[in-house]
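Shown next, in structure tokens, is the structure this report addresses.
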Amino acid sequence: MIRSMTAFAAVERATAAGTLAGELRAVNHRYLELSLRLPDELRLLEPMLREKVAARVSRGKLDLGLRLRSRSDGMRPLAVDEARLAQLAGLHEALAARFPGLRSGFTELLAFPGVLVDAGLDPEVLRAEAAALVDALLADFLAHREREGAALAAAIEERLRAIEAIVARLRALLPELRAALRQRIETRFAELKLEVDPVRLEQELVLLLQRADIDEELDRLATHVAEARHAMQRGEAVGRRLDFLLQEFNREANTLGSKAVDARLTQAAVELKVLIEQVREQVQNIE
């Protein structure tokens, strides 16, 4: 299934320190370009986040933002700094002989700077929470891309069928076009009342018919249609491949136009170019 390059996803996840929220949006781009917006608490996670996105997304200009909202009740987890408490205990023992009446209360001890700290989230726990959030975010994001990709595939397939119909129509017209070209040349010579060697005339007619022959272009167009369908079923990023293939489509359409010996052939070449351009517009949105 092909995937669109444009998509949006938003996910939230409850943690002990508050709500971890993420947003991921993307627009068309030739390559993969990722911009990150992270709070200070999550800044160290940037390499991991880039690795996760690059493993699942090939193209697009992506904007990934994470934020950590504190708990609404203000009850953030607290902890005692054991090292700080050990320092105070050591000072108490050292000064106890000099100040035998020295006493301190529990609340006074906790109020001493650095003893009671905001526990927040352990870095490893935070990393795991952020990784789980980004996994969920990417799953939603890719599902969005696939839904849009299905619509793009349907639009492209509609144009491919139209191209096939034009190719079939031209194939059916080939005998008539060749006969008309022969008749036109013979009539022109008759009007000019020129005496021409029949063998030489036949040779010239054959050369003209060969130059105007479009069998090869029609075969190539049919091959390109089949290759485009095959590419869309590969289950990988195919946007660049399809974009290159459309250049080949356009080359055959231009050749058909240059070989036009009939108004119907000229009209068919124009129709092909319109359809090819419509496919190109859709392909610009494909990953």
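Read the figures in this text as sums done on the coordinates, not as results from a lab. Model, not experiment: these values are computed from the prediction. Quick reminder, even Gly has a Cβ in these numbers, built from the backbone with ideal geometry, and neighbours come from all protein chains shown.
Just a few scattered comments:
- Electrostatic dipole magnitude of region 3-57 [Cβ: Lys, Arg +1; Asp, Glu -1; Cα centre; debye, to 20]: 280
- For residue 286, the residues 5 or more places off, or on other chains, whose built amide H falls under 5 Å of its own are 5.
- When region 140-180 is described by a simple charge dipole with +1 on each Lys and Arg Cβ and -1 on each Asp and Glu Cβ, the residue from 156, 167, 180 located farthest towards its positive end is 180.
- Paramagnetic reach from residue 183 (point 7 Å along Cα→Cβ, amide N under 15 Å) across region 244-279: 262-264
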